[in-house]
Amino acid sequence: MIKIGLYCEPINEEVNGYLGLYRGNFIVDYMKNNNRLYNLINSFFEISVNGQNLVYNEKNRKNIVELYQDLKREKWGGDLICFTDDRRVEIPNFTMVGYDICADSMYFSPIGDGFLMQYNRLPDFYTDMSFEMYSMYRENINEKWLFNSYEIAMNFSEYCNHINEKYRYCIESQDNWRPVAIHVYGKI
């Protein structure tokens, strides 16, 4: 599974620089700028499942790159990203920037919501996490607020599954937390 989408500001503004999936896109605000943008954004929303991303294929890639370039000309401050739970995929014209952690919705992220900003911030979540474990996770977070290492991301996602089962919904009402590779359009 590879998806492609438009993302801008993090939902949790405290996680400055975060480039994962827990972000909005606010492209609807640009629909009135001109007829071309209106048509491109409307077409995007018609085929998008959630208003943010689409299945990655050549046709969708071409259309969303065109939309992205038009939005950038209008000073939209977001990113065009591809994401996948296959860590070995290379995507032409996209730079891999790290691993986020998401459940099946591919929206909410405990990293993007600031769960690793400070130790013991959320008591139930940290119940079974030592400070040494926290330090290992935190040291692997890059400037984009994503994990550098797939193995550390996998370890953190296993912890998320464990603690969410122990304290139901201490993260969110989802299961199947796993690493998701984040690729940003262009060079970073």
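I'm trying to understand the selection: among the residues of the range 155-172, which are more than 23 Å from residue 7 (Cβ to Cβ), part of a helix (DSSP H, G or I) and not polar (S, T, N, Q)?
Going through the range 155-172, the residues more than 23 Å from residue 7 (Cβ to Cβ) turn out to be 155, 158-159, 161-170.
Still in the list and also part of a helix (DSSP H, G or I): 155, 158-159, 161-166.
Result: 158, 159, 162, 163, 165, 166.
Filtering the range 143-166 down to residues that are open to solvent by 20 Å² or more (accessible area, probe 1.4 Å) and polar (S, T, N, Q), which residue is farthest from residue 17 (Cα to Cα)?
By that ranking, first place goes to 161.
Has the range 42-58 got any residue that is surrounded by 14 or more Cβ atoms within 10 Å (Cβ to Cβ) and among the acidic types (Asp, Glu)?
no
Filter the range 1-30 down to residues that are in a helix (DSSP H, G or I) and aliphatic (A, V, I, L, M) and give me whichever is nearest to residue 62 (Cα to Cα).
That would be 27.
When the range 58-84 is examined, which residues are found to be part of a strand (DSSP E or B) and over 15 Å from residue 23 (Cβ atoms)?
Of everything in the range 58-84, just one residue is part of a strand (DSSP E or B) and over 15 Å from residue 23 (Cβ atoms), namely 84.
So which of 30, 18 is out of contact with any Cys (no Cβ under 8 Å at 6 or more places or on another chain), surrounded by 21 or more Cβ atoms within 10 Å (Cβ to Cβ) and either of a type outside the set (A, V, I, L, M) or at pLDDT 95 or above (or both)?
Testing whether each residue is out of contact with any Cys (no Cβ under 8 Å at 6 or more places or on another chain), surrounded by 21 or more Cβ atoms within 10 Å (Cβ to Cβ) and either of a type outside the set (A, V, I, L, M) or at pLDDT 95 or above (or both) leaves just 18.
Based on what the data block shows, is residue 70 surrounded by fewer than 20 Cβ atoms within 10 Å (Cβ to Cβ) and either in contact (Cβ under 8 Å) with a residue 12 or more places away in the chain or in contact with a strand residue (DSSP E or B) (Cβ under 6 Å, 6 or more places away or on another chain) (or both)?
yes
Do you know which of the residues in the range 15-32 that are out of contact with any strand residue (DSSP E or B) (no Cβ under 8 Å at 6 or more places or on another chain) and touching a residue at least 12 places away in the same chain (Cβ under 8 Å) is nearest to residue 45 (Cα to Cα)?
This residue is 28.
Kindly indicate which of 119, 107 is modelled with pLDDT under 95, of a type in the set (Ser, Thr, Tyr), within 24 Å of residue 16 (Cβ to Cβ) and under 12 Å from the mean Cα position of the chain (by Cα).
107
Within the range 85-125, which residues are buried (at least 18 other Cβ atoms within 10 Å of the Cβ) and outside any loop (DSSP other than H, G, I, E, B)?
The answer is 94, 97, 98, 99, 100, 101, 102, 125.
Consider residue 111 against the criteria (1) farther than 23 Å from residue 152 by Cβ; (2) touching a residue at least 12 places away in the same chain (Cβ under 8 Å): it satisfies all of them except one. Which criterion is unmet?
(1)
Look at the range 132-188 and say how many of its residues are modelled with pLDDT under 95, small (Gly, Ala, Ser) and either closer than 26 Å to residue 78 by Cα or within 17 Å of the chain's Cα centre (by Cα) (or both).
Total satisfying the criteria: 1.
The values are calculated or read from the model by the stated rules, or taken from the named source; none is laboratory data. This one's a predicted model, so the numbers in the text were calculated from it and none came from an experiment. Backbone-built Cβ (ideal geometry, glycine too); neighbour counts: all protein chains shown. Side chains included, ligands, DNA and RNA excluded: accessible areas come from the protein's heavy atoms. Shrake-Rupley method; radii C 1.70, N 1.55, O 1.52, S 1.80 Å.
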